[in-house]
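Notes to accompany the following structure.
No lab work stands behind these numbers, since they all come straight from the coordinates. These figures come from a predicted structure and were not determined experimentally. Reconstructed Cβ throughout: ideal geometry from the backbone, glycine too, with neighbour counts over all protein chains shown.
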Amino acid sequence: MSATIDGPKGLPVFGNTFQIPKHSPNAYLSELAKQYDEGIFQLELLGRTVLFVSDPDLAAEACDESRFYKPIERVLAIVRDFSGDGLFTAREDEPVWGHAHRILMPARGRGRGGG
């Protein structure tokens, strides 16, 4: 099942880039989170669709690694070429990924009453 994710209408090419105020981007995003009360909205930023999740339960579901494969982005792949595997450059089948996962999971769980 797929659904359309709402977000404010932007400009061609630039999308919503110029709608985000430089002096208070967090306040703007907080207002959008209230406006799109489903707990998720999207912005188009210079040709990229960026999803924002404000509902804690939905965020927990979106961060459940057992349900999603998260490949290393192209930029991080370049960093990995000269720095090796690390906190953000390890693939999920490598030992370093497991170390990073165990370090980060308690911090991510605090907002939901965990860790």
Determine ³J(HN,Hα), in whole Hz, for all residues of region 14-20 in sequence, where each value follows from phi through the Karplus function 6.51 cos²θ - 1.76 cosθ + 1.60 and θ = phi - 60°; x replaces Gly and Pro. 7, x, 9, 3, 7, 7, 7
Pull up all non-local amide H partners of Leu45: gap of 5 or more, or a different chain, and H-to-H distance under 5 Å with H placed in the peptide plane. Asn16, Val50
³J(HN,Hα) computed for each position of region 30-36 - Karplus, 6.51 cos²θ - 1.76 cosθ + 1.60, integer Hz, glycine/proline x: 5, 5, 5, 4, 6, 5, 9
If you take the square roots of the eigenvalues of the alpha-carbon gyration tensor of region 11-62 and sort them as a ≥ b ≥ c, do you get rounded (a/c under 1.5), prolate (a/b over b/c) or oblate? oblate
Rounded to the nearest 20 Debye, what is the dipole magnitude of region 1-53 about its Cα centre when Lys and Arg each give +1 and Asp and Glu each give -1 at the C-beta? 200
In the neighborhood of Ile5, defined by Cβ-to-Cβ distances under 12 Å, what is the net charge if each Lys or Arg adds +1 and each Asp or Glu adds -1? -3
How much length, in nm to one decimal, is gained on full extension between Leu46 and Leu58, taken as 0.36 nm per residue of separation minus their Cα-Cα distance? 1.7 nm
